[in-house]
Amino acid sequence: MSRRRMLWQLYPSYLLITLVALMAITWYASRSLRRFYLEQVTSDLKARAQLIEKRITILLASGNTAQVDLLCKELGHKTATRITVIRPEGGVVGDSEEDPTQMENHGHRPEIAEALLGVPGVSTRYSNTLQKSMMYVAIPLTFDNEIVGVVRTSLPITSVDDAMRGVSVRIALGGLVIAVLAALVSLWVSRRISRPLEEMRIGAERFAGGALDYRLAVPNSEEMGRLAEAMNQMAARLDDRIRTVVCQRNEQEAILVSMVEGVLAVDANERVISLNAAAARLLDLSLDDAKGRSIQEAVRNTELQALITQTLSKQRSIEEAIVLTGAEELYLQVRGTILKDAQGASIGALVVLNDVTRIRKLESLRRDFVANVSHELKTPITSIKGFVETLLDGALKNPENAERFLTKVARQTDRLNQIVEDLMDLSRIEKDTEQAEIQLEESHLKEALEAAVQACEVQASAKAIRIDLNCNDALRAKINPPMLEQAVINLIDNAINYSEAGQSIEVAAAEQESEIRVSVRDHGCGISQEHLPRLFERFYRVDKGRSRELGGTGLGLAIVKHIALAHGGRVSVESVPGKGSVFTIHLPLRSPKGVV
Ligand code: ADP
């Protein structure tokens, strides 16, 4: 249905009412006026007749009919009135316009018939004689209580019609002016009524468009004012509610965003309703793209898809461990639960993804470590067991053999002891680092390095290896001196072990690129590139046989790494096979230029 503006509904009806009223009034006024005119003409004609009534009665009574006709003609001419005198039997005696002898009997004309009955008669009709609409008034002429005739005066009423036409034109002109005025006034009134409504419509549209802080101007008419106030109140309440809802949603989003666990919601058709940043990261999805897509499309993992399908079909919680293969493997502990609306009806499923990769890796590290430790311990224990069995089998009786075997048993025991000591050192350092129990103090680095060099002096001179120390006396760092000393000893120890006799080793410490670097350089066998990334792992050895032969446990560099970490630093290695290696401990620079 087509809709029209209120103005165009109000205005034409006002206009129509005004025009109809105007026409009715004009019609009624013209009719009344015409009646009034005719009444005027009637009484005028009656008066004229009465004026000549006496003279004609006398002439009629005296039988002077020729005089009657002459009088009629004379008076009729003077007064511009047609005057006719008729006898009681209907014969015309005198007429101001015609010859009475030529005129027919008038006894049956209604006004004459009435006058003959003794009362004035009035009639308006078309006169065939004059070919005009005429008004006739007839009064009886009485002499000695006897009707001796009738005098009839008449006038054409065309003059009335002419006068009426003039008046009508004036009324019509006046009406037109009134109609124009009425049109203007009704336009103004229509506008006055429709404008506040229009303003309210615009306001309501702004509310609908979301501008709920907008307020409608309150018009001063009672109903409109109330309506505007009610709409303003409604907008204020709505604004308040929406703010609360937005606030709650923001809070929920903030919770979801800051959650470490991934949260993914799907509807009953397995389409993604929402997901948080953690879920997007874990499943490698884009937050915006995923919404609305089916889970099969969004997530390529069949296990996760199956878990969601099962949760939805079985309508109960399901928990499973899932491995996501991608750039790197992710181990997820996934729990699917039914998603319910406020009425408790199921509307989909909620999946919480817990990244347990780190825990899994730690578990696997622990397992590997236990396996490695067992393996490391097993070798010397097997050897010891073998020697002891040999001794028990009779070797004990031969003192020379017994001593040889016992020496070997002692060596293996030392090795076992060394492994256990290294492991204990390592776990102590790790534990202390974790609990932040390592005391760091601002100390001269040179002292700690000198102590380390000294501790290795005997071993070095046995291989005719010279150890050069290059460190500024004033260089200070925040360190735990015994621990750093141990780390440097481990590095020098390795450098000696993996150098040829007569080569040299340089121990140096200096401030470089806003850190302090402590390095141990040798010119020994070096390490090929592929081993470097794993060199600092526990029990990692490039050449197992050689390491064992040299009494290594494979834990030395792991200890160095953990000591560096305990100092808030790190370790690095550069090596060229056949040319030598440089191991560096990087310590963070806490106080510039080593000044306390
Ligand atoms: P190990 O007790 O066997 O020396 P480490 O953890 O100290 O154990 O060192 C691990 C491995 O790194 C060694 O087995 C050795 O192969 C290699 N390595 C360490 N330092 C050097 C070095 N200075 N030159 C060459 N190889 C080295």
Segment Glu430-Glu199, length gained on full extension (0.36 nm per residue, minus Cα span):
75.6 nm
Can you list the HN-Hα couplings for segment 448-454, worked out from phi with the Karplus curve (6.51, -1.76, 1.60; θ = phi - 60°), rounded to whole Hz and with x for Gly and Pro?
5, 5, 4, 4, 5, 4, 4
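Per residue, what accessible area does the chain have, given a 1.4 Å probe and all protein chains present, in Å²?
Counting only protein heavy atoms, the per-residue value for the chain is 59 Å².
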Using 0.36 nm per residue, how much length does the chain from Arg367 to Arg548 gain when fully extended, once their Cα-Cα distance is taken away?
62.9 nm
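Could you compute the FRET efficiency for Thr357 and Lys579, with r as their C-beta to C-beta distance and R0 at 41 Å, rounded to 0.05? Show your work: numbers first, answer last.
Working: r = 39 Å, r/R0 = 0.95.
For R0 = 41 Å, the calculated efficiency reads 0.55.
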What is the calculated FRET efficiency for Ser504 to Ala277, with r their C-beta to C-beta distance and R₀ = 56 Å, to the nearest 0.05?
0.50
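Just order 96-106, 317-327, 472-482, 490-500 by mean Cβ neighbour count inside 10 Å, highest at the front, would you? Working shown, then result.
Numbers: 96-106: 14.9, 317-327: 13.0, 472-482: 17.6, 490-500: 21.9.
Highest to lowest by the protection proxy: 490-500, 472-482, 96-106, 317-327.
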Modelling each spin label as a point 7 Å along the Cα-to-Cβ direction, I'd like the Val246/Glu39 distance in nm, to one decimal.
7.8
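Sort His567, His531, His375, His444 from largest to smallest accessible area, using a 1.4 Å probe on the heavy atoms of the protein chains. Before the final figure, lay out each step's value.
Numbers: His567 5, His531 35, His375 100, His444 60 Å².
The residues order as His375, His444, His531, His567, largest area first.
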Amide N proximity, segment 145-166 versus Ala61 label position 7 Å along Cα-to-Cβ, cut-off under 16 Å:
145-151
Check the straight Cα-Cα distances from Lys385 and name the lysines below 18 Å, setting aside those fewer than 8 residues away within the same chain.
Lys397, Lys408
Given points 7 Å out from each Cα along the Cα-Cβ axis, report the Asp414 to Glu223 separation in nanometres with one decimal.
11.3
For segment 12-163, the accessible surface attributable to carbon and sulfur atoms (probe 1.4 angstrom, ligands and nucleic acids excluded) amounts in percent to 57
Among 240-248, 427-435, how do they line up from the highest to the lowest mean number of other beta-carbon atoms within 10 Å?
427-435, 240-248
Say each of Ser514 and Asp213 gets a label point 7 Å from the Cα, pointing the same way as Cα to Cβ; how far apart are those two points in nm?
4.3
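How much of the accessible area of segment 210-258, probe 1.4 Å, is carbon plus sulfur, in whole percent?
Ligands and nucleic acids excluded, carbon and sulfur give 54 percent.
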Segment 1-71: trypsin sites (Lys or Arg not before Pro) falling in loop per DSSP and having at most 13 other Cβ within 10 Å:
Arg3, Arg4, Arg5
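What is the extension gain from Lys73 to Ser159, computed as 0.36 nm multiplied by their sequence separation minus the C-alpha to C-alpha distance, in nm to one decimal?
Values: separation 86, 0.36 × 86 = 30.96 nm, distance 2.12 nm.
Difference between extended and current length: 28.8 nm.
Quick one: pull the percent of accessible area on segment 261-355 belonging to carbon and sulfur, 1.4 Å probe, ligands and nucleic acids left out. Walk me through the numbers before you get to the answer.
Values: 2230 of 4930 Å².
Here it works out to 45 percent.
Filter the cross-link list Lys378/Lys463; Lys446/Lys478; Lys378/Lys561; Lys431/Lys544; Lys291/Lys361; Lys463/Lys579 down to pairs whose alpha-carbon distance in this structure exceeds 20 Å.
Numbers: Lys378/Lys463 31 Å; Lys446/Lys478 13 Å; Lys378/Lys561 26 Å; Lys431/Lys544 28 Å; Lys291/Lys361 32 Å; Lys463/Lys579 18 Å.
Checking Cα-Cα distances, Lys378/Lys463; Lys378/Lys561; Lys431/Lys544; Lys291/Lys361 exceed 20 Å.
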Over 20 Å intervals from 0, what percent of Cα-Cα pairs in the chain sits in each interval?
13, 18, 16, 11, 9, 9, 7, 8, 7, 2, 0
Packing-ranked peptide list from 284-290, 134-140, highest mean Cβ count within 10 angstrom first, is 134-140, 284-290
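Provide Val122, Val263 ordered by accessible surface of protein heavy atoms (probe 1.4 Å), highest first.
Values: Val122 70, Val263 15 Å².
Result of the area sort, largest leading: Val122, Val263.
The values are calculated or read from the model by the stated rules, or taken from the named source; none is laboratory data. Keep in mind that what you see is a predicted model, and the values were worked out from it rather than measured. Every residue, glycine among them, receives a Cβ derived from its backbone with ideal geometry; neighbour counts consider all protein chains shown. Accessible surface areas use protein heavy atoms only, side chains included; no ligands, DNA or RNA. Shrake-Rupley method; radii C 1.70, N 1.55, O 1.52, S 1.80 Å.
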